[in-house]
Amino acid sequence: MVVAVGIDIVSVERFRKLLRRYKDRATKRLFPEGVDYCKGKRRGEFYGCLAARFALKEATIKAFSQLGISLTLGQVKTQGGGRELRLKVEGVKGYKLLFSISHEKEFAVAVVNVIKEEPLGADGKSTEQ
């Protein structure tokens, strides 16, 4: 059952300026898991790639805040890219995340659905009604 939804939109240009101004310090703080998955992008897509992943982190934080769970950017990890994009949240169990991101020249957007995992009984059926 979906128990929370989060969405975020980021200006790619604003994000580019932030990363250029603060360089590695900002990248390491926002993406402690690394940014290698965005390095092979076509020219001009690097900042869109990172902005979309930042939007995904923010959307995740917003969704969990609806459940009374406070997260930091460091707890929300993005890894891989394309069809292999993975989203992990440290310190939170019992939830599955469904998400989507997109970016184009000016904006990056992300949406996250938090689904409560229901315990299964011995018969393989949900124990919750």
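General observations
- Flag if residue 68 is of a type in the set (Gly, Ala, Ser) and at pLDDT below 95: no
- When the criteria are applied in full, residue 47 meets the requirement of being assigned to a helix (DSSP H, G or I), in contact with a Phe, Trp or Tyr (Cβ under 8 Å, 6 or more places away or on another chain) and over 17 Å from residue 112 (Cβ atoms).
- In the stretch 25-44, residue nearest to residue 96 (Cα to Cα) [restricted to those that are of a type in the set (A, V, I, L, M) and assigned to a helix (DSSP H, G or I)]: 30
- Test: residue 80 is of a type in the set (Gly, Ala, Ser), more than 11 Å from the chain's Cα centre (by Cα) and at pLDDT 85 or above: no
- Flag if residue 127 is closer than 30 Å to residue 1 by Cα and modelled with pLDDT under 90: yes
- Candidate set from the stretch 25-54 (those that are under 18 Å from residue 86 (Cβ atoms) and of a type in the set (Lys, Arg)); member that is surrounded by the fewest Cβ atoms within 10 Å (Cβ to Cβ): 39
- A Cβ distance below 6 Å, combined with a sequence gap of six or more or placement on separate chains, defines the contacts here; from the stretch 59-81, residues that are farther than 16 Å from residue 4 by Cβ reach residues that are buried (at least 18 other Cβ atoms within 10 Å of the Cβ) and hydroxyl-bearing (Ser, Thr, Tyr) in the pairs 80/37; 81/37.
- Residue 106 satisfies every condition listed in (1) loosely packed, with under 15 Cβ neighbours inside 10 Å; (2) free of Cβ contacts under 8 Å to residues at least 24 places away in the same chain; (3) farther than 29 Å from residue 1 by Cβ; (4) not β-branched (Val, Ile, Thr) except (2).
- Filtering the stretch 55-84 to residues that are in a loop (DSSP other than H, G, I, E, B) and either of a type in the set (Gly, Ala, Ser) or surrounded by 15 or more Cβ atoms within 10 Å (Cβ to Cβ) (or both) leaves 68, 69, 70, 71, 80, 81.
The values are calculated or read from the model by the stated rules, or taken from the named source; none is laboratory data. Computed from a prediction, not measured in an experiment: that's the story for all the values here. Every residue, glycine as well, gets a Cβ built from its backbone with ideal geometry; the counts of neighbours run over all protein chains shown.
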